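Comments concern the structure below.
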Amino acid sequence: QVQLVESGGGLVQPGGSLRLSCAASRNIFSFNAMGWYRQAPGKQREFVARIISGGFTSYVDSVKGRFTISRDVARNTVYLRMDSLQPDDTAIYYCHAVDVRTYYWGQGAQVTVSS
């Protein structure tokens, strides 16, 4: 049973920064890709960022230049560094992983951007 555990969410003022962490219960190279999705109140879950096993990264247009996805293989952890946060970034952020058989979700981390 694969587990993805997020941490690092919280309340931040507009323009501030946060870093989310997603710790996996097995070697992250066993996944084809890992990434982050988010779901704001009343909206559908949307893709935010992804890193594939080869290291290539991709982002939704609305976060390009502000968010950075990275990984620490030794810690089996993927990070999402979020800078210049805006109220529209308020959402529950979910870690996501895909392997050859199926996909997995974390439990979610709340990020609230408000003054």
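Observations on the model:
- Gain in span if fully extended, I52 to F29, counting 0.36 nm per residue against the direct Cα distance: 7.4 nm
- Carbon/sulfur fraction of accessible area - the chain, other protein chains in place, 1.4 Å, %: 48 percent
- Heavy-atom accessible area per residue - the chain, 1.4 Å, Å²: 54 Å²
- Label reach from Q110 (point 7 Å along Cα→C-beta): in the range 2-26, amide nitrogens under 13 Å belong to 9-12.
- Charge dipole (Cα centre; +1 on Lys/Arg Cβ, -1 on Asp/Glu Cβ; no other charges) of the chain amounts to roughly 200 debye.
- Stretching V100 away from R45 to a fully extended chain increases their span by 17.5 nm, per 0.36 nm per residue minus the current alpha-carbon distance.
The values are calculated or read from the model by the stated rules, or taken from the named source; none is laboratory data. Source: prediction; values computed, not measured. Quick reminder, even Gly has a Cβ in these numbers, built from the backbone with ideal geometry, and neighbours come from all protein chains shown. Just the protein is used for accessible areas: all its heavy atoms, side chains included, with ligands, DNA and RNA removed. Shrake-Rupley method; radii C 1.70, N 1.55, O 1.52, S 1.80 Å.
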